[in-house]
């Protein structure tokens, strides 16, 4: 009876490995692989159940219980290994997909940085500070300060961005 139950569990693990293969074929969708995996599940289930039913009803095992236990353990371990291999393939496919996503995002980042730099150059080359070239210190009033403040802030920000880039590039 122990040998029969061991064979039952080994068969369940084999079916589990076949089912994992079926799941792997579904993402990304592969119709041919799905049909092959589905057929393997049907065949394995039918074969396993009929063998176990025959052995149980006739109370016959082909080999001694110890040998049957060992064979069942071997079959179970092989099925577990197959499940792990399928899982590893799925994880590797996920890693490849994530690496493609990372490459795409890096490309988008570089494009955005280039676009930002072009906008910054356009903004800095607008010559807005030329309005303040002919000011005399004695003629300045608070209104001039309010007008000049945004340009000062932009210059400070630009300088700080430059400093940060230089610090980052120097590590």
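The values are calculated or read from the model by the stated rules, or taken from the named source; none is laboratory data. Note that the structure is predicted; figures quoted are calculated from it, not measured. Ideal geometry is used to build each Cβ from the backbone, glycine not excepted, and the neighbour counts take in all protein chains shown.
With respect to (1) over 30 Å from residue 94 (Cα atoms); (2) loosely packed, with under 15 Cβ neighbours inside 10 Å; (3) at pLDDT 75 or above, the lone exception for residue 64 is condition (3). If the condition is being surrounded by 11 or more Cβ atoms within 10 Å (Cβ to Cβ) and either over 24 Å from residue 27 (Cα atoms) or in contact with a strand residue (DSSP E or B) (Cβ under 9 Å, 6 or more places away or on another chain) (or both), then the stretch 79-106 contributes no residue at all. Looking at 10, 37, 6, just one residue is under 26 Å from residue 93 (Cα atoms) and either in contact (Cβ under 8 Å) with a residue 60 or more places away in the chain or surrounded by 15 or more Cβ atoms within 10 Å (Cβ to Cβ) (or both), and that residue is 37.
Among residues that are outside any loop (DSSP other than H, G, I, E, B) and over 30 Å from residue 97 (Cβ atoms), residue 33 is not included.
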